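Right, one structure below, let's go through it.
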Amino acid sequence: MNGPYKPGTPCWVDLMVPDQQAALDFYCGLFGWQGEIGPSETGGYSVCELKGKPVAGIMKAMNPDGTVPDPMPPTVWTTYLSTDNVDGTLKSVTDAGGGVMMGPVDVMELGRMAIVTDPTGAVVGLWQPGTFDGAGIVNEHGALTWNELATNDTAAAAEFYSRVLPLTTGPTDLLGAEGYTTIRVDGREVGGMMSLDQHPAGTPPHWLTYFHADDVDAIAAAAGKAGGKVIAPPFDMPAGRMSVLSDPQGGVFAVIKAIAPDQS
């Protein structure tokens, strides 16, 4: 990726965990990332790299004053959507029935961010780039490849996101995936939405991060051996072969070897 992401496009993901070093060890071992605990001025935030390019962030769960949260928040991957004006987008968020959890806040010269909730309860980040655009590699092994909202009201979510950011939603053209909603920016598919009806009872609305894997079965096996869990064993679906996994601290993510459009 060269240059900033178009507004509305998922541009970054990061993970908040109780044990940052353990998470770095797990994901660097699984995907071949390079990463270490960052400097104190950024709260130790780790920018993990692949082939010398940023691919994801990992941070220790802590309160703004640096103390340990009690209770500890859940371990989750957060999806960030790009915007050219965080402050303006936040006004649109509240006008459209969403909520603001954090921000807006400047991250040095890197950019400006906020964390919000949509009207269905899913948490998502907003990123206005400064010197940092987001993921420098996508759609390669070990890199971000898809972001998907699971919600109990896809119609309400679609209306919200299309009001807040310059994106559109609509049914997928993929055969065998009827009922799936795609998110498009300038006509290009950048993410998706699906109903929580297809998830275990009690699953809250959430955004799921997908990383590309050249061999989904091998990654799932490696995750299990490293102390993670295989939530959904590798299976074939219309977009490719995928698996849903969790790291040893409970952070859920998916891996997929997608079928190129001209092969579907």
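Restricting to region 161-180, count the residues that are under 19 Å from the mean Cα position of the chain (by Cα) and under 20 Å from residue 125 (Cα atoms).
Residues flagged as under 19 Å from the mean Cα position of the chain (by Cα) and under 20 Å from residue 125 (Cα atoms) within region 161-180 amount to 8.
Which condition from (1) free of Cβ contacts under 8 Å to residues at least 24 places away in the same chain; (2) over 20 Å from residue 252 (Cβ atoms) is the one that residue 174 breaks?
Answer for residue 174: the failing condition is (1).
So which residues in region 103-115 are on the phi < 0 side of the Ramachandran plot and surrounded by fewer than 19 Cβ atoms within 10 Å (Cβ to Cβ)?
104, 105, 106, 107, 109, 110, 112, 115
Of the numbered conditions (1) on the phi > 0 side of the Ramachandran plot; (2) open to solvent by less than 30 Å² (accessible area, probe 1.4 Å), residue 179 fails exactly one; give the number of that condition.
Of everything listed in (1) on the phi > 0 side of the Ramachandran plot; (2) open to solvent by less than 30 Å² (accessible area, probe 1.4 Å), residue 179 misses just condition (2).
Evaluate region 129-145: report whether one residue or more is under 22 Å from residue 199 (Cβ atoms), touching an Asp or Glu at 6+ places or on another chain (Cβ under 8 Å) and crowded, with 18+ Cβ neighbours inside 10 Å.
No, because not a single residue in region 129-145 is under 22 Å from residue 199 (Cβ atoms), touching an Asp or Glu at 6+ places or on another chain (Cβ under 8 Å) and crowded, with 18+ Cβ neighbours inside 10 Å.
So, in region 45-55, how many residues would count as being crowded, with 19+ Cβ neighbours inside 10 Å and over 19 Å from residue 107 (Cβ atoms)?
Matching residues across region 45-55 total 1.
With a cut-off of at least 2 residues that are over 21 Å from residue 223 (Cα atoms), name the strands (runs of 3 or more DSSP E) lying wholly within region 13-119.
Because the criterion is at least 2 residues that are over 21 Å from residue 223 (Cα atoms), the strands (runs of 3 or more DSSP E) in region 13-119 that meet it are 53-60, 76-82, 99-107, 111-117.
Residue-wise test of (1) open to solvent by 10 Å² or more (accessible area, probe 1.4 Å); (2) hydrophobic (A, V, I, L, M, F, W, C); (3) more than 30 Å from residue 153 (Cβ to Cβ).
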| position | (1), (2), (3) |
| --- | --- |
| 43 | yes, no, yes |
| 57 | no, no, no |
| 65 | yes, no, yes |
| 74 | yes, no, no |
| 87 | yes, no, no |
| 101 | yes, yes, no |
| 117 | yes, no, no |
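Going through 258, 158, 223 one at a time, which residue ends up being under 30 Å from residue 92 (Cβ atoms) and under 19 Å from the mean Cα position of the chain (by Cα)?
158
Matching residues to (1) within 22 Å of residue 6 (Cα to Cα); (2) out of contact with any Ser or Thr (no Cβ under 8 Å at 6 or more places or on another chain):
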| residue | (1), (2) |
| --- | --- |
| 48 | no, yes |
| 53 | yes, yes |
| 58 | no, no |
| 70 | no, yes |
| 81 | yes, no |
| 88 | yes, yes |
| 116 | yes, yes |
| 142 | no, yes |
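What are the residue pairs meeting all of these: first residue in region 91-119, first residue more than 19 Å from residue 149 (Cβ to Cβ), second residue hydroxyl-bearing (Ser, Thr, Tyr) and at pLDDT 95 or above, Cβ atoms under 7 Å, and 6 or more apart or on different chains?
109/131; 110/131
The values are calculated or read from the model by the stated rules, or taken from the named source; none is laboratory data. Note that the structure is predicted; figures quoted are calculated from it, not measured. Virtual Cβ from ideal backbone geometry, glycine too; neighbours counted across all protein chains shown. Calculation scope for accessible area: heavy atoms of the full protein, side chains included, ligands and nucleic acids excluded. Shrake-Rupley method; radii C 1.70, N 1.55, O 1.52, S 1.80 Å.
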